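Each remark here refers to the structure printed beneath this line.
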Amino acid sequence: MRAETIMHRHRAALWLISGVGKKGPACFAVEAHGKRLVLDLGEGPPPGLLPDIALAAPADALILSHGHKDHIGGLSLLARLGNPPVYATEIVAQSLPGEIKARKLPIRGTTEVLGIAVETGRDGHAPGGVWLHFGIGDGFLYTGDYSAESALYVYDSPTRPAATALIDCSYGDYDRALAACWSELAAHLGKGPLLLPVPANGRGPEIALELMRHGFRDIFIDEAMQRALRQLGDGAGISLHEGLAEEIRRLAEATRPIDGAHGVMLAASADGASGATAHLLPEFERSSEVGILFTGYINPNTPAERLAQNGRAQRMRWNVHPRLSDTVALARTVRAQTIIPAFCDRTQFAALAGALAPARVTMDAVVEI
């Protein structure tokens with residue numbers, strides 16, 4: 001069924017273009033009040049995978065939740081959407097290609113997009129990242145990626161009722177606290193040089209901050225991390241917990257550039273396919289003295305996958321997405337009646353449906369709002 005016909009049959013509908021049922025680029029379309037809003041337009045995982053936007057075009061607006069590649073990496077498809085206006089927070093807008101002049105979303109507040117009421121709040125996940133509540137039906141919430149635990153990025157928990165909620169469930173039924181992640185990371189420290197491939201605009205600065213807070217002084221970072229810390233200490237500080245901007249500036253001064261294998265090294269990209277780790281991983285994998293530790297999702301068909309599979313690198317999880325208990329708490333708070341779990345595999349469906357009952361959990365391609 002074409003997207004054009006659904007608008008005449010239903011008051012409002014959500015189209016799950018990509019990002020539900022398996023890992024993939026984030027892209028969703030909302031049909032309401034005669035308008036079509038596309039939510040995020042990502043690329044990967046795996047690298048190079050773009051969403052099939054046939055049902056999303058033409059769009060009246062593209063709204064970006066945050067600046068990570070799996071949510072904004074598909075902007076090359078913008079023309080195929082009909083070149084709609086792009087909405088993003090100021091921090092995210094600054095990271096977009098120069099030819100895209102984004103219309104600004106508040107990082108925490110209310111606005112309108114094409115006559116539809118929108119409320120935003122900080123997502124606890126990335127600089128400039130927000131969740132979005134739309135005044136559609138009995139309320140529709142899109143969390144994008146979010147975290148309720150970050151010691152660095154602040155999370156403004158949604159409170160407005162949302163009968164329909166598209167929620168980040170990247171970790172499925174996982175429910176381990178972030179404090180346990182630090183304990184696991186600490187066990188890898190002090191055994192020689194250690195490389196942590198990380199996203200510079202995500203968990204990288206948070207891990208570096210925890211290292212400094214726990215007394216580690218030999219912290220080395222690449223240029224991408226240096227830029228991220230400068231940004232967080234300046235204009236992006238609005239995404240941080242109160243009072244942390246000054247601490248981040250001290251962290252930026254205390255870290256040193258990576259020059260050989262020393263101490264704890266944090267560098268982008270997280271999968272080794274680009275950035276400093278594209279040359280650091282081949283260099284360090286030949287030395288048994290250098291540890292390599294991945295702390296997040298491992299992209300298929302990347303150097304990270306190869307090193308994890310052959311045993312040269314180790315892996316653990318540093319929480320940057322909600323635990324199951326966070327998901328349940330959010331669903332209860334907004335009184336969600338229909339929940340669409342995003343960014344997880346379909347094998348997690350039964351566990352999520354049980355935990356989120358009596359709400360209806362669905363991964364259907366089209367959901368009426």
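The values are calculated or read from the model by the stated rules, or taken from the named source; none is laboratory data. Note that the coordinates shown come from a computational prediction; the quantities given were computed from them, not determined experimentally. Heads up, the Cβs are rebuilt from the backbone with ideal geometry, glycines too, and the neighbour counts pull from every protein chain shown. Protein only, heavy atoms only, side chains kept; ligands, DNA and RNA dropped before computing areas. Shrake-Rupley method; radii C 1.70, N 1.55, O 1.52, S 1.80 Å.
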**Evaluation of Pro358 against (1) without any contact (Cβ under 8 Å) to a residue 12 or more places away in the chain; (2) outside any loop (DSSP other than H, G, I, E, B) (one fails), failing number** = (2)
**Selection count, segment 307-337, where residues are open to solvent by 20 Å² or more (accessible area, probe 1.4 Å), in contact with a strand residue (DSSP E or B) (Cβ under 8 Å, 6 or more places away or on another chain) and not in a helix (DSSP H, G or I)** = 5
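For Gly124, state whether it is within 14 Å of the chain's Cα centre (by Cα) and touching a residue at least 12 places away in the same chain (Cβ under 8 Å). Let's see the steps before the verdict.
On the way: within 14 Å of the chain's Cα centre (by Cα): yes; touching a residue at least 12 places away in the same chain (Cβ under 8 Å): yes.
Spelling it out, Gly124 is indeed within 14 Å of the chain's Cα centre (by Cα) and touching a residue at least 12 places away in the same chain (Cβ under 8 Å).
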**Fill in**
In segment 342-361, residues that are crowded, with 17+ Cβ neighbours inside 10 Å and polar (S, T, N, Q) total 1
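Listed residues Ala180, Ala165, Ala200, Ala245; which is of a type in the set (A, V, I, L, M, F, W, C) and part of a loop (DSSP other than H, G, I, E, B)? Don't jump to the end; show me each part of the working.
Working: Ala180 fails: part of a loop (DSSP other than H, G, I, E, B); Ala165 fails: part of a loop (DSSP other than H, G, I, E, B); Ala245 fails: part of a loop (DSSP other than H, G, I, E, B).
Just a single option satisfies the conditions, and that option is Ala200.
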**Asked** Does His262 qualify as being outside any helix (DSSP H, G or I) and surrounded by fewer than 21 Cβ atoms within 10 Å (Cβ to Cβ)?
**Response** yes
**Request:** List the number of the failed condition for Leu211; all other conditions in (1) closer than 19 Å to Ala254 by Cα; (2) part of a loop (DSSP other than H, G, I, E, B) hold.
**Result:** (2)
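So which of Ala228, Ala278, Ala270, Ala304 ends up being modelled with pLDDT of 95 or more and not in a helix (DSSP H, G or I)?
Numbers: Ala228 fails: not in a helix (DSSP H, G or I); Ala278 fails: not in a helix (DSSP H, G or I); Ala304 fails: not in a helix (DSSP H, G or I).
Going through Ala228, Ala278, Ala270, Ala304 in turn, just one is modelled with pLDDT of 95 or more and not in a helix (DSSP H, G or I): Ala270.
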**Request:** Please name all residue pairs, on different chains or six or more residues apart, with Cβ atoms under 6 Å, provided the first residue is in segment 323-349 and is within 19 Å of Ala26 (Cα to Cα) and the second residue is open to solvent by 10 Å² or more (accessible area, probe 1.4 Å) and not in a strand (DSSP E or B).
**Result:** Ile339/Ala359; Ala342/Val20; Phe343/Ser170; Cys344/Ser170; Asp345/Lys22
**Request:** Would you please name the residue that is most open to solvent (accessible area, probe 1.4 Å), looking only at residues in segment 73-91 that are among the small types (Gly, Ala, Ser) and closer than 22 Å to Leu49 by Cα?
**Result:** Ser76
**Complete:** Conditions (1) on the phi < 0 side of the Ramachandran plot; (2) not in a strand (DSSP E or B) -> Thr120 fails only (2)
**Top-ranked residue in segment 101-117 [being free of Cβ contacts under 8 Å to residues at least 24 places away in the same chain and part of a strand (DSSP E or B); ranked as least open to solvent (accessible area, probe 1.4 Å)]** = Gly109
**Message:** When you scan segment 262-285, do you find a residue that is hydrophobic (A, V, I, L, M, F, W, C), closer than 18 Å to Pro193 by Cα and touching a His at 6+ places or on another chain (Cβ under 8 Å), even just one?
**Reply:** no
**Complete:** Per the list (1) modelled with pLDDT under 95; (2) over 30 Å from Glu283 (Cβ atoms), residue check on Asp156 breaks on (1)
